[in-house]
Amino acid sequence: MRKITDIFKSQPITFSCEIFPPKTEQGYENLKTTISEWARLKPDFISCTYGAGGGNREKTLDIVQLIQNRHQIAGLAHLTCVLNTKQQIREIVEDIKRRGVRNILALRGDPPLDNPNWQPGENNFRFSKDLCADIRLQYGDFFSIGAAGFPEGHILCKDRDRDAGYLKNKIENGAEFVITQFFFDNADYFAYVERLRRIGVTARVIPGLLPITNYENMIKFCKMNGTTITPQVKQIFEPIQNDPSATLKAGIAFAIQQSRALLKGGAPGLHFYCLNKIHPTQEIWEAVL
């Protein structure tokens, strides 16, 4: 299976999406159907998240393996430092390699809800840059390693210049491309890329997008990761937040407009947080292609 960095060599613009491991067997079966639907759209890669503390690790890797083996699409396995020791992480990476997966999104991760005060010790990787460095040390160029980027700064580091410096550290330690947290003001994305370029980061920075389909849920997501709900978003969606049909229609229109403007401005692709659904992202995707 191709590495994502190899895909970049022939694809100046990529389209991709993120899914997550369901909690139930029925949800898992439903996701298999959704993946098949996504496969027909021919994404360049599909990423799968990794539960806090690795609770869904096996499902994550099963899903990525299914994406690759059944559909011949590059899979991107998320991997977090939280709760796992360095040795456990190395065993997981070996499992990833054994499954034929060659792409890892290296993340620090958040403590689980049942252990919110967890702190790394000397036997844990403290930051994602440390995870990147260890994977690169152990496996050379076998894996293509991605990192998370935060156009508005990380929720724990709102100093945007300092946060850009942390991203540079990830690149210097082995990460090769960036997928950003979602945002609603494209100016934040382009300013982020410019900050990175000023400090010497040349890696591809792929913008992450969250189509707005439920205003209340979107507010919850924004509180979790520190994304700003812009005045424009409030003006469009607050008056219709109790009208699902109107919200969906407006959400599709907003995402199409945002996507087109990103690509016109030079973004090297789009990565959709599709919440394990094909719709409405499919409609957005097809309107932009």
(message) If I filter the range 22-57 down to residues being closer than 24 Å to N115 by Cβ, in contact with a helix residue (DSSP H, G or I) (Cβ under 9 Å, 6 or more places away or on another chain) and part of a helix (DSSP H, G or I), which single residue comes out as modelled with the lowest pLDDT?
(response) G54
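Which residue, of A246, A261, is farther than 14 Å from N186 by Cβ and of a type outside the set (F, W, Y)? Talk me through it step by step, then tell me what you get.
Details: A261 fails: farther than 14 Å from N186 by Cβ.
That would be A246, the only listed residue that is farther than 14 Å from N186 by Cβ and of a type outside the set (F, W, Y).
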(request) Look through the range 151-173, keep the residues that are under 21 Å from R126 (Cβ atoms) and in contact (Cβ under 8 Å) with a residue 60 or more places away in the chain, and return whichever of them is surrounded by the most Cβ atoms within 10 Å (Cβ to Cβ). (result) K170
(request) Considering (1) touching a Phe, Trp or Tyr at 6+ places or on another chain (Cβ under 6 Å); (2) in a helix (DSSP H, G or I); (3) not basic (K, R), say which one P207 fails and leave the rest. (result) (2)
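Report the residue count in the range 148-202 for those that are hydrophobic (A, V, I, L, M, F, W, C), modelled with pLDDT under 95 and in contact with an Asp or Glu (Cβ under 8 Å, 6 or more places away or on another chain). Break it down stepwise before answering.
Keep residues of the range 148-202 that are hydrophobic (A, V, I, L, M, F, W, C), which gives 148, 150, 155-157, 164, 167, 171, 175, 177-179, 182-184, 187, 190-191, 193, 196, 199, 201.
Those left that are additionally modelled with pLDDT under 95: 155-157.
Next, only the ones that are in contact with an Asp or Glu (Cβ under 8 Å, 6 or more places away or on another chain) stay: 157.
Here the count works out to 1.
Name the residues in the range 87-107 that are in a loop (DSSP other than H, G, I, E, B) and either polar (S, T, N, Q) or in contact with a Lys or Arg (Cβ under 8 Å, 6 or more places away or on another chain) (or both), would you?
From the range 87-107, those in a loop (DSSP other than H, G, I, E, B) are 99-102; that's our starting set.
Listed by number, the list holds a single entry, R102.
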(request) Considering every residue within the range 265-285, establish whether at least one is outside any loop (DSSP other than H, G, I, E, B), of a type outside the set (S, T, Y) and over 28 Å from V64 (Cβ atoms). (result) no
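The values are calculated or read from the model by the stated rules, or taken from the named source; none is laboratory data. Nothing here was measured: the structure is a model prediction, and the numbers come from that model. Positions of Cβ are generated from backbone atoms using ideal geometry, with glycine treated the same way; all protein chains shown enter the neighbour counts.
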